[in-house]
Each structure stands twice: as C-alpha cells, then as structure tokens.
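In what follows, a single structure is set out as structure tokens and then discussed.
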C-alpha cells in the first residue's frame, strides 16, 4: 500500500513542477510537448497491445483477441454515442469551469490525466503484484506518472493534480480486491482489460498529435463489454 501512496505523491510533485514550467513555456513549445507526449503514449499503448495480442505457437507468430477488440470497441463506441457521454462530460466541464472562474482547463487536465494513469496494465498488474508483496511495477509506474504529470500539467494545467486522488482510490481498491480475491482473477482477464484499455489510451495519444477529436469518453463502455465478453466466451 505504501507504493500506491508514493505513486499518488509522485503525481502531485510532478504537477507542481509542470505548472511552474507552464509559466515560462511558450505556446509553440506547449504544442510540441503535447505532440511528443502523444507519441510516447502511442508507443507505450502499442507495446501493451502487442504484448497482449501476439502469441508464439510452434515457432510461428500469431495473434489473438482480434474479435474481442472488434466487438468491445465497436459496442463501447456505439453505447457511448447513444448515451452522449462525451457531450455530457463537456457540459459538466463547462459548468465546473464557470463556477471556478478559471481558464486552466481544470476538468480536462483531470480527465486526461486520470485516464492515462488509471487505464492500463501497470495500474492493474502493478496493484496485483503489490498485493502479493512485490511493489516494483508500481514504483516503475510512479516514475512514468511523475514524468507524464509534468508534461500534462505544463500543457493542460493544475487539474492534473486531482487525478492523484483517483489514482490512490482506484489502485487502493484494486489492491484490496487482489489481496482478498487471490487467484480468482486470471491472467487472461487482466490481459483482456489491459488490452482494451491500451486501445483507448492510444486514441488519446492520437488526439494529442493530430488535434482531431476522437471521443475518448464514448469509448469507456468498451471496458464493461470486455468484462462481459470474457465472462460469456472465455471463462
């Protein structure tokens, strides 16, 4: 549990540094940083996707979970569009920013950082390993989150710091679940959830680079469909 606390504190420290740098970074530099961060996010996402999908059988390379990705991402995007999750989030964001009278994209920084820090293999597998007495992956995630929080807060503002609370609660809950459930959660389940999460994260990286709007919020139901798919077809 100590490792999870350190992870959250790393985000707080990184945000403080990033906000300080934001005052001296010009707009062109901010755009460049955002694009670089997008490239890094895509690389990390692709690594996670390939790790989950590529399999070696009798010396030959193959792929798995193609149908799972097609079904979960498609249904997730469809449900997200029908529920207008992105539009509802934007409306909520505008109301919050009107109340706090700020131009720092408070909720945007919070949302982007929370998604980046919480969705992925490191958050899930790291919490699992920490629950079994090996916190090394969480410490690795702390370093990555620290660097990412500097870059994110330099571009999106102080809202990034509030993601530390969600990271602590999310990973703390995961830690408790893994600690008490033991071997009930299979490696395949973790791999599937991480795979879908990495695809969503990659879409966010594409947004950072191109500026074109992929509605990330509308993709989140795909995580729920990944769980359903696992329970129906793979359990």
Protection proxy ranking, peptides 156-166, 138-148, 184-194, average beta carbon neighbours within 10 Å, highest first: 156-166, 138-148, 184-194
Separation in nanometres of the label points that stand 7 Å from Cα toward Cβ, at residue 143 and residue 224: 3.8 nm
At R0 = 25 Å, FRET efficiency that the Cβ-Cβ distance of residue 83 and residue 169 yields, to 0.05: 0.60
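Which order do peptides 210-221, 52-63, 3-14 fall in by mean Cβ count within 10 Å, highest first?
Working: 210-221: 16.6, 52-63: 10.4, 3-14: 20.3.
Top to bottom by mean Cβ count within 10 Å: 3-14, 210-221, 52-63.
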Residue 213/residue 29 FRET efficiency (R0 35 Å; Cβ-Cβ; nearest 0.05): 0.95
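Using only alpha carbon pairs under 8 Å that are at least six residues apart, calculate the relative contact order of segment 39-190 and give it in whole percent. Provide the component values of the computation, followed by the final result.
Details: 115 pairs, mean separation 32.9, N = 152.
It comes to 22 percent, rounded to a whole number.
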Rounded Å value of the spacing that divides the Cα centres of segment 123-172 and segment 186-226: 17 Å
On Cα atoms only, tilt of 27-53 relative to the major axis of the chain in degrees: 10 degrees
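Every read-out reported here was derived from the displayed coordinates using simple, explicitly stated rules and does not represent laboratory data. Remember, predicted model here, so these are calculated numbers, not experimental data. FYI the Cβ positions are ideal-geometry reconstructions off the backbone, even for glycines, and counts take in every protein chain you see.
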